[in-house]
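Asks: Mind having a look at this structure? Questions to follow.
The values are calculated or read from the model by the stated rules, or taken from the named source; none is laboratory data. None of the values given here were measured: they were computed from a predicted structure. In this analysis, Cβ positions are derived from the backbone assuming ideal geometry, glycine residues included, and neighbour counts consider all displayed protein chains.
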There are 2 protein chains.
Amino acid sequence: MAPRFAFTIHATDGKARAGTIAMRRGEIRTPAFMPVGTAATVKAMKPADVRASGADILLGNTYHLMLRPGAERVARLGGLHSFMGWERPILTDSGGYQVMSLAELTKRSEEGVAFRSHLDGSRHLISPERSMEIQRLLGSDIVMAFDELVPTTATREVQAAAMERSMRWAQRSRAGFDAGGDHAEGAALFGIQQGALDEGLRHASADALKAIGFDGYAVGGLAVGEGQEAMFGVLDYAPGQLDAAKPRYLMGVGKPDDIVGAVERGIDMFDCVLPTRSGRTGQAFTRHGPINIRNARFAEDQAPIEADCACTACRGFSRAYLHHLVRAGEILGAMLMTEHNLFFYQRLMADLRAAIGEGRLKTFADSFRALYAERDAS
Amino acid sequence: MAPRFAFTIHATDGKARAGTIAMRRGEIRTPAFMPVGTAATVKAMKPADVRASGADILLGNTYHLMLRPGAERVARLGGLHSFMGWERPILTDSGGYQVMSLAELTKRSEEGVAFRSHLDGSRHLISPERSMEIQRLLGSDIVMAFDELVPTTATREVQAAAMERSMRWAQRSRAGFDAGGDHAEGAALFGIQQGALDEGLRHASADALKAIGFDGYAVGGLAVGEGQEAMFGVLDYAPGQLDAAKPRYLMGVGKPDDIVGAVERGIDMFDCVLPTRSGRTGQAFTRHGPINIRNARFAEDQAPIEADCACTACRGFSRAYLHHLVRAGEILGAMLMTEHNLFFYQRLMADLRAAIGEGRLKTFADSFRALYAERDAS
């Protein structure tokens with residue numbers, strides 16, 4: 001029988017690591033990129049095509065799923081994997097980030113966050129205990145602790161208070177998860193470091209989490225508008241404050257060059273809506289930077305987005321055709337562009353893993369950055 | 001080398017025929033259903049999945065394609081087949097129906113129809129000659145003659161005049177097609193019978209078309225709101241007025257039970273947006289009638305749409321999941337529902353061909369109708 005959760009580091013290169021997380025539903029190759037399947041679907045993608053892109057694990061959103069179709073309903077239907085046709089690992093977030101960004105009339109207390117649904121106005125509460133229960137009902141493989149977020153522009157006092165509350169909630173998340181019976185026997189729990197851009201707060205948060213003990217550690221509270229330079233500033237020290245033997249997950253990141261820089265700083269896992277969302281609006285990622293396929297210069301461009309890409313879009317269709325589909329608002333445009341972007345991200349992760357394995361990460365990263373210029377991010 | 005156009009009837013059963021049309025880009029098994037690929041895409045479907053459903057041929061819309069991306073552009077890009085990634089036969093309509101139903105400020109004359117684009121207001125003219133030119137530029141395998149449509153509720157005088165003009169346009173279409181050089185060597189041209197619900201006009205139209213000579217004959221001017229009974233009334237005699245050795249195509253039809261009744265009356269080819277359009281709005285076809293997957297009774301229904309269907313939706317997903325996707329407005333809902341409906345239609349065509357081949361069409365059709373009750377067309 002496969003282990004519950006075993007992280008093996010196969011190679012290191014500077015601060016970067018290449019490894020494998022073994023879980024009952026399958027292996028996760030790290031550094032890993034997790035496509036986002038918000039509402040029990042990676043938007044515009046069949047699960048088999050998500051897998052074909054190279055994804056080992058998806059992310060599901062607790063906030064969205066608890067509102068629609070509802071965690072209890074998903075449980076009655078046999079869990080999220082069976083429901084959405086993805087039998088490999090799924091990581092679920094705690095709902096903490098999205099309840100603060102999407103819900104209405106939110107009210108925070110030591111207990112948790114009370115709110116009204118943005119879909120129908122219904123009243124709900126997410127607490128650390130309820131978040132653990134929802135993620136258990138969904139059948140999540142990697143459960144995230146419930147935490148409190150405040151803007152990086154808040155005062156240090158507010159940041160400190162939020163971080164300290166998040167650590168108390170991390171303790172309650174640990175207890176709630178451990179009380180989950182069979183689910184806790186097969187799943188993993190990650191803690192989330194907070195502390196915004198403050199090294200001291202980050203250090204205190206890391207120590208508190210390590211004292212509780214988790215299967216992995218996320219760097220939280222970044223990619224919220226602070227910019228790449230400030231983010232890399234935190235990543236210069238934050239991963240080193242966490243347990244080196246456990247996976248480190250940078251939540252909500254990011255652009256391809258964000259990922260490359262974060263891997264160089266010791267991050268093992270990523271998730272982001274960028275490849276899927278961009279695909280639906282006409283942006284395609286290439287090694288020469290993103291292109292906006294709606295641009296008139298692609299109207300009669302017979303080349304594929306990228307000649308050596310293995311996705312359906314690049315194997316069978318021209319930029320001219322994708323330009324037409326996206327301009328005409330055709331669903332197939334969203335499908336093909338999304339698939340390309342997911343293939344692009346997974347190939348980047350495979351390239352990073354190979355470069356680490358062969359001790360040439362700096363060469364790869366420098367060459368990637370030189371090629372990758374955002375020449376058309378419109 | 002494959003023939004330009006060879007229709008072989010393998011079996012007959014009453015008025016119904018099962019056969020094969022051999023063309024350079026592949027064989028078309030009849031009775032055939034042609035999915036509609038309006039804007040160079042069968043909406044929400046990859047071409048490989050359209051083929052997997054059993055489709056031998058697609059329909060493309062001249063009106064849409066001439067406006068976006070433009071027939072000359074498609075020609076510069078190598079033709080419609082290469083552009084949209086479908087190497088099998090494509091039938092294109094003449095633009096006559098859609099210019100009257102979609103364009104703005106249309107003005108008819110003996111020359112053709114002048115109009116403004118519904119997309120950008122640009123001015124255009126479609127004449128028989130221009131329709132033939134557009135279909136040639138697209139690289140159509142089966143070209144439709146350009147005809148004039150009037151409502152079935154118009155006076156007999158108006159009907160007669162429109163039918164007679166359509167026959168003059170059919171002659172001009174034949175000449176325009178034949179002047180198409182290489183394209184005419186490889187493609188086929190169909191004439192379109194008009195005459196609304198009037199047997200005498202239908203007869204005169206059929207005679208005029210046969211005197212010109214076409215590779216196949218369409219029954220036009222039906223499925224425009226007259227109802228199944230009136231349509232079947234025309235189909236009781238119209239196919240018999242056409243050349244029995246050539247394929248007969250009923251344009252724009254239809255519901256599954258329309259198709260069954262039309263096949264019994266001697267029709268060989270069909271096209272309709274119903275399976276694709278319905279898929280995007282949540283209607284799924286089943287042998288027990290259509291169901292609206294948004295209905296609350298499917299919220300926890302773990303069965304697939306149809307247990308013995310080979311489509312991606314039925315092999316991997318429950319009605320409960322599709323209910324969730326469609327309610328949440330997810331693109332994957334449109335993708336899976338569309339795929340199911342195309343598989344349903346193609347299986348119906350395969351069942352009809354088999355029943356004709358085995359001389360049991362009446363038994364099959366009666367049993368199909370008994371099962372198929374529109375219990376939830378909401």
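Asks: I'm told B:His203 meets every condition in (1) crowded, with 23+ Cβ neighbours inside 10 Å; (2) at pLDDT 95 or above except one. Can you identify the failing condition by its number?
Replies: (1)
Asks: So, one more: Got a sec? Which helices (runs of 4 or more DSSP H) wholly within the range A:113-219 have at least 3 residues that are in contact (Cβ under 8 Å) with a residue 60 or more places away in the chain? First the steps, then the outcome.
Replies: Working: elements: A:128-138, A:156-178, A:182-186, A:199-212.
Here the list reads A:128-138.
Asks: Given the conditions (1) over 30 Å from A:Lys46 (Cα atoms); (2) at pLDDT 95 or above; (3) within 14 Å of another protein chain (Cβ to nearest Cβ), and given that B:His118 satisfies all but one, which numbered condition is not satisfied?
Replies: Here B:His118 clears every test but (2).
Asks: Could you please tell me which pairs satisfy a Cβ distance under 8 Å, a separation of 6+ or placement on different chains, a first residue in the range A:284-305 that is in contact (Cβ under 8 Å) with a residue 24 or more places away in the chain, and a second residue that is assigned to a loop (DSSP other than H, G, I, E, B) and of a type in the set (S, T, N, Q)?
Replies: A:Asn292/A:Ser378; A:Asn295/A:Ser378; A:Ile305/A:Thr286
Asks: Considering the range A:82-97 alone, what residues qualify as being within 12 Å of chain B (Cβ to nearest Cβ), on the phi < 0 side of the Ramachandran plot and without any contact (Cβ under 8 Å) to a residue 60 or more places away in the chain? Spell out how you get there, then give the answer.
Replies: The initial filter retains those residues of the range A:82-97 that are within 12 Å of chain B (Cβ to nearest Cβ), namely A:82-87.
From the residues that got through so far, the ones that are on the phi < 0 side of the Ramachandran plot too are A:82-84, A:86-87.
Selection gives A:Ser82, A:Phe83, A:Met84, A:Trp86.
Asks: Can you give me the number of residues within the range B:277-295 that are of a type in the set (Ser, Thr, Tyr) and touching a Ser or Thr at 6+ places or on another chain (Cβ under 9 Å)? Walk me through how you get there before you give the answer.
Replies: To start, the set of residues in the range B:277-295 that are of a type in the set (Ser, Thr, Tyr) comprises B:278, B:281, B:286.
Applying the additional criterion that residues be touching a Ser or Thr at 6+ places or on another chain (Cβ under 9 Å) yields B:278.
So the count comes out to 1.
Asks: Consider the range B:64-81. How many of its residues are touching a helix residue (DSSP H, G or I) at 6+ places or on another chain (Cβ under 8 Å), within 10 Å of another protein chain (Cβ to nearest Cβ) and assigned to a loop (DSSP other than H, G, I, E, B)?
Replies: Of the residues in that region, 3 qualify.
Asks: Could you grab me the full set of residues in the range B:26-62 that are within 14 Å of chain A (Cβ to nearest Cβ) and in a loop (DSSP other than H, G, I, E, B)? Spell out the reasoning first.
Replies: The initial filter retains those residues of the range B:26-62 that are within 14 Å of chain A (Cβ to nearest Cβ), namely B:35-52, B:58, B:60-61.
Within the range B:26-62, B:Gly37, B:Thr38, B:Ala39, B:Ala40, B:Thr41, B:Val42, B:Lys43, B:Ala44, B:Met45, B:Lys46, B:Asn61 meet the criteria.
Per-residue answers, yes or no, for (1) out of contact with any helix residue (DSSP H, G or I) (no Cβ under 9 Å at 6 or more places or on another chain); (2) touching a residue at least 12 places away in the same chain (Cβ under 8 Å); (3) within 28 Å of B:Ala313 (Cβ to Cβ):
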| site | (1), (2), (3) |
| --- | --- |
| B:Ala6 | yes, yes, no |
| B:Arg17 | no, yes, no |
| B:Pro31 | no, yes, yes |
| B:Val36 | no, yes, yes |
| B:Val42 | no, yes, yes |
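Asks: Give the range B:274-304 a look and list any residue that's within 14 Å of another protein chain (Cβ to nearest Cβ) and either of a type in the set (Val, Ile, Thr) or closer than 21 Å to B:Ile331 by Cβ (or both), or say none.
Replies: B:Thr276, B:Arg277, B:Gly279, B:Arg280, B:Thr281, B:Ile293, B:Arg294, B:Phe298, B:Ala299, B:Pro304
Asks: I'd like to check something: does the range B:144-153 contain any residue that is surrounded by fewer than 18 Cβ atoms within 10 Å (Cβ to Cβ), of a type in the set (Val, Ile, Thr) and closer than 23 Å to B:Gly252 by Cα?
Replies: Restricting attention to the range B:144-153, the residues satisfying the condition of being surrounded by fewer than 18 Cβ atoms within 10 Å (Cβ to Cβ) are B:151, B:153.
This time we only want the ones that are of a type in the set (Val, Ile, Thr), so: B:153.
In the following step, the residues that additionally are closer than 23 Å to B:Gly252 by Cα were identified as B:153.
So far as the range B:144-153 goes, yes, one or more of its residues are surrounded by fewer than 18 Cβ atoms within 10 Å (Cβ to Cβ), of a type in the set (Val, Ile, Thr) and closer than 23 Å to B:Gly252 by Cα.
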